[in-house]
Ligand SMILES: Cc1cc2nc3c(=O)[nH]c(=O)nc-3n(C[C@H](O)[C@H](O)[C@H](O)COP(=O)(O)OP(=O)(O)OC[C@H]3O[C@@H](n4cnc5c(N)ncnc54)[C@H](O)[C@@H]3O)c2cc1C
């Protein structure tokens, strides 16, 4: 276990914190992605994102504490603020978080507090673009929006967040600024590739993902493969989405490449095209959302959905 701080493709070595440099002949880079606050890193404290298990525990702590504070609060406007949950960004994670929060408020915690009805909690999903799930095709975004609204989520598109503080968020919408008093905010608006990609000295896309060749190799460096969320791979003219079935298949392909390079029998690699994910959402969301505290069991849900996706996702051999 070690933190890689840089990769030098010229000298073929990786620098590992506390361990010095390690030379390689073949390298697979899979350091994934993290949150991006678009230069507003101070917002992270007030609106954490969900990436790791630790993040999930922190979000759970904040959500449960918000309900506890609301129970103790005697000032009605402050109680409303404690009972207002804001999710920023309506990509897949934002949509899942908002749906799950609504389920928690309306079902999981219903009847657990004496001084207020948890079903009155307000869950807002804010999206700067014109629709939820902007990367999804056809009618899926609209269907997702309708399902969220059925769950009780207030979906606001065209609402760009301009400030996040301890007391809430400010949004620019319809040419004006609106302040929303809230105590629990969650960030799901931006993803940036791991900083390790930048040390590869190669082309990156806008999110910092490494632009790879069709076989996942690094341009000019066949001995290096980049896979998973860190890789910008194009299939049928569209970028392959950052989802686990794509990552697993890239992993197999990347391993097969390196295996062949060192003279072992190769394993057939496959990759999934983006449009094959069109049925990923929202049907699966609704089922999982009924688990109520779903976000707190992200790994289980991922594995479960991952299996379903793999079972029904057609594969394209490359
Ligand atoms: C909340 C959430 C829900 C998701 N739900 C789904 C889902 O339902 N279905 C689905 O298909 N996909 C889902 N995804 C996406 C899926 O998790 C990713 O596509 C997949 O994990 C990407 O795998 P990866 O190996 O590229 O990166 P990661 O899984 O992010 O792994 C990267 C690893 O590299 C390590 N690392 C990073 N930098 C360094 C460094 N410098 N040195 C050493 N180690 C480093 C990180 O600590 C991490 O362990 C979800 C993602 C999130 C965040």
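Here are some notes:
- Using a cutoff of 8 angstrom between alpha carbon atoms and counting only pairs six or more residues apart, the relative contact order for the stretch 41-191 works out to 31 percent.
- Between the stretch 98-166 and the stretch 212-259, the Cα center-to-center distance that results, in Å: 34 Å
- With one equal scatterer per alpha carbon and no solvent term, the Debye-computed log10 I(q)/I(0) for the stretch 41-191 at 0.08, 0.17 1/Å reads -0.20, -0.96.
- Taking packing as the residue-averaged number of other Cβ atoms within 10 angstrom, the listed peptides 91-103, 69-81, 197-209 run from highest to lowest as 91-103, 197-209, 69-81.
Each value in this text was obtained by applying a stated rule to the coordinates, not by laboratory testing. Here the structure is a predicted model, which is why all the values come from computation and not from measurement. Positions of Cβ are generated from backbone atoms using ideal geometry, with glycine treated the same way; all protein chains shown enter the neighbour counts.
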